[in-house]
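Please read the structure below before turning to the comments.
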């Protein structure tokens with residue numbers, strides 16, 4: 001079986017909608033960095049001993065309830081067929097993307113700056129690319145690899161110089177531990193993306209997203225703490241960040257992210273992850289007012305765009321290189 005839907009010939013362009021969907025997802029995910037930081041800090045202020053763990057159910061339970069209502073009223077038959085065919089993949093994908101990604105991401109963010117966290121998360125395309133070769137049989141051109149590395153270099157410039165953060169140099173044990181913990185987050189995301197590829201060839205993104213979020217939320221219910229609700233509702237800004245993460249960055253963005261997986265290879269799709277740190281920094285300047293603009297932000301951003309364009313040569317031709 002090829003990586004494309006049977007109704008999508010390899011030479012046919014996937015259309016504009018997959019690109020619009022992934023662009024919207026990137027905008028939402030980029031704003032999630034400062035939003036998560038605000039929520040985790042609120043739990044810290046409330047005296048939580050493990051805010052990185054306690055915040056995961058607070059973010060995903062509201063999303064799972066929304067998806068549960070959608071499944072019960074509109075998608076019961078589709079989800080039943082999905083679970084009958086790919087139940088194991090759905091459950092594993094849920095474990096990877098809910099507790100797997102988010103616990104490691106939150107733990108890292110407790111120990112390192114959002115900028116360094118964004119830099120490490122930006123390795124997801126490289127991890128997806130490498131994993132797609134043995135797991136999906138994808139063949140990536142040297143030009144695509146060059147583009148990936150160029151985009152990663154641009155992100156490094158933005159985060160290293162564009163926000164005044166010191167990435168290189170001597171790292172404390174706390175920072176080093178945070179970096180190692182965060183590194184597991186993009187690995188979980190890369191495996192999640194690859195795992196769902198064959199599922200989304202046969203099923204629509206909405207029931208897949210709903211099933212994955214619900215399956216991943218069930219195991220983290222044991223992490224729920226009663227004080228977390230009061231802490232996150234303590235101020236309008238924190239409550240807004242919580243709502244944005246639960247509904248925008250989970251319900252809407254997860255569905256948008258899965259839409260292009262039906263038409264694009266995981267390695268090509270993951271290139272767009274390079275934009276997430278740029279959005280995170282830009283939103284911090286304009287919306288969250290935690291960063292200040294400088295030349296390196298513009299220079300690094302230009303390099304990222306150039307790298308994305310280079311790596312996506314095959315994507316814009318609508319070609320996915322796979323072996324049968």
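Listed values, structure above:
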read-out	value
Residue that is modelled with pLDDT under 75 and closer than 16 Å to residue 114 by Cβ, where the choices are 320, 290	290
Helices (runs of 4 or more DSSP H) (entirely within the range 40-141) containing at least 3 residues that are over 21 Å from residue 249 (Cα atoms) and out of contact with any strand residue (DSSP E or B) (no Cβ under 9 Å at 6 or more places or on another chain)	76-95, 124-136
Flag if residue 153 is touching a helix residue (DSSP H, G or I) at 6+ places or on another chain (Cβ under 8 Å), under 24 Å from residue 30 (Cα atoms), at pLDDT 85 or above and surrounded by fewer than 21 Cβ atoms within 10 Å (Cβ to Cβ)	yes
Some residue of the range 63-82 being surrounded by fewer than 23 Cβ atoms within 10 Å (Cβ to Cβ), under 19 Å from residue 240 (Cα atoms) and at pLDDT 95 or above	yes
Only listed residue being in contact (Cβ under 8 Å) with a residue 60 or more places away in the chain, over 19 Å from the mean Cα position of the chain (by Cα) and under 29 Å from residue 292 (Cβ atoms), chosen from 116, 139, 109, 150	150
Any hit, the range 231-247, residues being over 15 Å from residue 57 (Cα atoms) and under 16 Å from the mean Cα position of the chain (by Cα)	no
Tally, over the range 31-57, of residues that are under 18 Å from residue 185 (Cβ atoms) and buried (at least 16 other Cβ atoms within 10 Å of the Cβ)	16
Matching helices (runs of 4 or more DSSP H) fully within the range 209-312 where at least 1 residues are more than 25 Å from residue 194 (Cα to Cα)	227-232, 236-243, 275-283, 295-311
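The values are calculated or read from the model by the stated rules, or taken from the named source; none is laboratory data. Quick caveat: nothing in here was measured; it's all calculated off a predicted structure. Reconstructed Cβ throughout: ideal geometry from the backbone, glycine too, with neighbour counts over all protein chains shown.
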